[in-house]
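Read the structure below first, then the notes.
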């Protein structure tokens, strides 16, 4: 084998791939940042895509703050996970609104709750983005006081806070 | 056995089929990843093997390396170099799958469709599949005859590239 020729060809093929990848990633609406956020101690993990739904201002990062909000009794906790996960265990008093069934369930939800109802969404913790997706959808539907509890059910359960 | 291997290595139709199978497989595998790089990045994170700063770069570059090498194999541009890249990727996949199989780490394969996120694939069938692809790749790599269906002998291009 002619190694010099092979090296040249491989460099060319990889160069075209890398160049094309950067161009497509730059122009694609689904493009992502060159470095993502993959440290759960810093918050919910994300590739930092252009079409990201993450609004950090909505996040409740401290489980004790979430508990204070819960204890105030004013906020409705809304579970973004699947119905099965909800039935296996959820924050006591939380409503179930799986983000995958949002379209079919939102009508009833709107009938039951005023747009001013403070809402805290949650899912399975910092590797899960469903609570952010749900929060964004609820904001789109006119709910104006929405927060995201990013440690989700596992974080709540680990503290021994009320579940059912 | 040696004779059988020599015959297989010299078979032009086998070389042609192997190139197309690998080419189509890798182009197909790149499609969903290119459409949803964020989902693919999350799957890479799930493997729990890569430094955080590299996860996005892998998610951005790997699908295009798969696409370009797959296309090169099918149309027959630099087939030996393209298959070297593909075999390199297959060896990396085999290594990653083996490490996670040995340490019992469950993850979403994300091999073909990132939409299956959350679906846990078993590592063994994927390993066997990748080993079969690797053997096909070796046939293409070691084949020394005239390859069928190559659009042009673009290897001359390297002459102009110096």
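Every number in this text was worked out from the coordinates using simple rules, so none of it is lab data. Keep in mind that this is a model prediction, so the values were computed, not measured. Virtual Cβ from ideal backbone geometry, glycine too; neighbours counted across all protein chains shown.
If N is the number of residues in the protein assembly as shown, what value comes out of its Cα radius of gyration divided by 2.2 N^0.38 Å?
Compactness ratio reported: 1.25.
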| Shielding score for B:62-68, defined as the mean number of other chain Cβ atoms within 10 Å | 6
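Quick one: if the Förster radius is 45 Å, what FRET efficiency do residue A:161 and residue B:148 give, using the C-beta to C-beta distance and rounding to 0.05? Don't jump to the answer; show the numbers that get you there.
On the way: r = 67 Å, r/R0 = 1.49.
With a Förster radius of 45 Å, E is 0.10.
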| request: Please determine, in degrees from 0 to 90 and to the nearest 10, the orientation of helix A:130-140 with respect to the longest principal axis defined by the Cα atoms of chain A, where the helix direction is its Cα long axis. | output: 70 degrees
| field | Angle in degrees between helix A:3-27 and the longest Cα principal axis of chain A, rounded to the nearest 10 | value | 40 degrees
| message | Helix A:102-112 against the longest principal axis of chain A: what's the angle in degrees, Cα atoms only, rounded to the nearest 10? | response | 20 degrees
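Per DSSP H run of n ≥ 4, the term is -39500 (n - 2.57); total these for the protein assembly as shown, divide by its residue number, and report the mean residue ellipticity at 222 nm rounded to 500 deg cm²/dmol.
-18500 deg cm²/dmol
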| Once label points are set 7 Å from the Cα along Cα→Cβ at both residue B:138 and residue B:91, what is their separation, rounded to one decimal in nm? | 1.2 nm
| By how many nm would the segment from residue A:116 to residue A:68 lengthen if fully extended, with 0.36 nm per residue of separation less the alpha-carbon distance? | 15.4 nm
| What FRET efficiency would be calculated for the residue pair residue B:48, residue A:95, taking the C-beta separation as r and a Förster radius of 45 Å, to the nearest 0.05? | 0.85
| Exercise: per-residue mean of other protein chain Cβ atoms within 10 Å, B:39-47 | 4
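Mean separation of Cα pairs under 8 Å and 6+ residues apart, divided by the residue count of chain A: what relative contact order is that in percent?
On the way: 237 pairs, mean separation 37.2, N = 164.
Worked out over chain A, it gives 23 percent.
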| What's the exposure ranking of A:64, B:147, going from fewest to most Cβ atoms within 10 Å? | A:64, B:147
| task | Could you list B:69, A:82, A:41 in order of exposure, starting from the residue whose Cβ has the fewest other Cβ atoms within 10 Å? | result | A:41, A:82, B:69
